[in-house]
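Notes to accompany the following structure.
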Amino acid sequence: MFNAKKRLFQGVGLVLLLAFGPMARAALPIQKWQQPNGAQVYLVESRSIPMVDVQIDFDAGGRRDPAGQAGLASMTASMTGKGLLAQGAEPALDENQLGEAWADLGAGFGGDAGSDRMSFSLRSLTDATLLDRAIHLAARQLGEPAFPDYVWQRDRQRLAASIREANTRPATVASRAYQHAVYSGHPYGADVTEASLAAFGVEDMRRFFRAHVLPCRAKVSVVGNVDRVQADALVARMLARLPQGAGECAALPPVAEVPPLAAPFTQAIPFQSAQAHVLIGQPGYKRSDPDYFPLLVGNYILGGGGLISRLSTEVREKRGLSYGAYSYFSPGLHAGAFTVGLQTRPDQAGQAVQVAKDVVARFVAEGPSAAELKAAKDFLIGGFPLRIDSNRKLLDNVAAIAWNNLPLDYLDTWPAQVAKVSAQDVRAAMARKLQPERMVTVTVGAAP
């Protein structure tokens, strides 16, 4: 059954690539409405293939983890797929029975959690019988998760073992130290450890789930072969087994913002490894920041453009200090980090760090050249259709629009927003967001 399902979706993927080519160049009308239970629904109709993708997002990501219980949100989302409670005439299902039920439908449903949100995703063909059964099973999994303790005890041991193994890797050591330093106690920098996993159990998961996973907190994105009436009914059924309210939820407690760095911070961690791992950065910006497009273009030039970026040119091509150097922003509901990363020979780490810092400082001070700006905008605009050339990619974009309260015509105007970015826009935005003299620098495995 699994192989048949895999072949089915591989075939569908080929159709998607053809089906969304014209769509990527035309308007993508996004319909939006709110259900009586408070759920906000975003729909893009696509009649090219008989499939529907749904994503339901809740403000229940890692930033909501209680102090000392890092990983609670992520484990709660994962455990919803480990079995269902009995309800009326419907029997309980263990994790194997639940997996087999989804395989028999040729559909998929599951949950996970990132820093900001907990997400549940459904993918199904829109054959009436199959879709009806898939919606029913998804509603049960959302509304009646069992959270079996014996499964959690088993999974916690596996996770603890994987954490211990990861701690033997220099990349893990570098990332943990860097996150702690950049986020200065903010939940974005919280580390999932054996101790934090031992600090909660299935009762904590049930309480967390009941408090956060409610229809009035849901933002639902739907892409596929359904119209508005069908999508509205689909979403209502998927959420029907959750506690229903009057359409409004009490506000969740506010989460503090990421504090800016007051001074530079440098940490060199001894580690026996063939390569020194280097991370440099600071808190960046929120996804709602109006500088988003200048920073998108600017970072492509600085370190997001692969081997043609400035960092790679200076660190790799001109000096041979690394196979590559990169940079990226991680904007979220709070200021996600700006990060520069590279690996180098331990005895060259000091030189590589200084070159990378100099490149960042110069770019912040001077901005891009005309040639760099044109090349970056041409690449980003030319590659835009590849951002929405499948159901999954389009759903990701619609969900981002919903989650970040972006305009409904965001995808239609995206190329124009990139095209109008000027060199002065990039320089000013970088200068507003980055302070090269106050960054965190973490090296793991560098020679003393």
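The values are calculated or read from the model by the stated rules, or taken from the named source; none is laboratory data. Everything quoted here is computed from the prediction, not taken from an experiment. Positions of Cβ are backbone-derived with ideal geometry, glycine not excepted, and every protein chain shown enters the neighbour counts.
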Inset, instruction - Name the single residue, out of those in region 39-63 being at pLDDT below 95 and of a type in the set (Gly, Ala, Ser), that is surrounded by the most Cβ atoms within 10 Å (Cβ to Cβ). - result: SER46
Inset, instruction - Could you tell me whether region 408-416 includes any residue that is in contact with a helix residue (DSSP H, G or I) (Cβ under 6 Å, 6 or more places away or on another chain), under 30 Å from HIS277 (Cα atoms) and assigned by TED's automatic domain parsing to the domain that holds GLN348? - result: no
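Can you tell me which of VAL223, VAL192, VAL229, VAL213 is of a type outside the set (Ser, Thr, Tyr) and under 26 Å from THR172 (Cα atoms)?
Numbers: VAL223 fails: under 26 Å from THR172 (Cα atoms); VAL229 fails: under 26 Å from THR172 (Cα atoms); VAL213 fails: under 26 Å from THR172 (Cα atoms).
Going through VAL223, VAL192, VAL229, VAL213 in turn, the sole match is VAL192.
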Inset, instruction - Look at region 156-190 and say how many of its residues are under 15 Å from ILE280 (Cα atoms) and hydrophobic (A, V, I, L, M, F, W, C). - result: 6
Inset, instruction - Pairs only if they're at least six apart or on different chains, beta carbon under 9 angstrom, first in region 285-296 and under 12 Å from ALA335 (Cβ atoms), second part of a loop (DSSP other than H, G, I, E, B) and among the hydrophobic types (A, V, I, L, M, F, W, C); list them, first residue then second. - result: TYR285/ALA335; LYS286/LEU333; LYS286/ALA335; ARG287/LEU333; ARG287/LEU406; SER288/LEU333; SER288/LEU406; ASP289/ALA335
Inset, instruction - Select, from ASP389, ASP396, ASP378, ASP425, the only residue that is assigned by TED's automatic domain parsing to the domain that holds PRO331, in a helix (DSSP H, G or I), among the acidic types (Asp, Glu) and under 23 Å from the mean Cα position of the chain (by Cα). - result: ASP396
Inset, instruction - State whether the residues of region 373-395 include one that is surrounded by fewer than 22 Cβ atoms within 10 Å (Cβ to Cβ), at pLDDT 95 or above and farther than 26 Å from ASP289 by Cβ. - result: no
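Of all residues in region 160-201, which are farther than 30 Å from ALA446 by Cβ and either in the same structural domain as LEU279 (by TED's automatic domain parsing) or surrounded by 19 or more Cβ atoms within 10 Å (Cβ to Cβ) (or both)?
Step one: of region 160-201, the residues farther than 30 Å from ALA446 by Cβ are 197-201.
Of everything in region 160-201, those that are farther than 30 Å from ALA446 by Cβ and either in the same structural domain as LEU279 (by TED's automatic domain parsing) or surrounded by 19 or more Cβ atoms within 10 Å (Cβ to Cβ) (or both) turn out to be LEU197, PHE200.
If the requirement is being out of contact with any Ser or Thr (no Cβ under 8 Å at 6 or more places or on another chain), part of a loop (DSSP other than H, G, I, E, B) and surrounded by 12 or more Cβ atoms within 10 Å (Cβ to Cβ), which of these qualifies: GLN244, GLN230, GLN272, GLN282?
Working: GLN230 fails: part of a loop (DSSP other than H, G, I, E, B); GLN272 fails: surrounded by 12 or more Cβ atoms within 10 Å (Cβ to Cβ); GLN282 fails: part of a loop (DSSP other than H, G, I, E, B).
Just one listed residue meets the conditions, GLN244.
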Legend entry - Single match in ALA361, ALA365, ALA349, ALA356 (criterion: at pLDDT 95 or above, among the small types (Gly, Ala, Ser) and closer than 16 Å to PRO294 by Cβ): ALA365
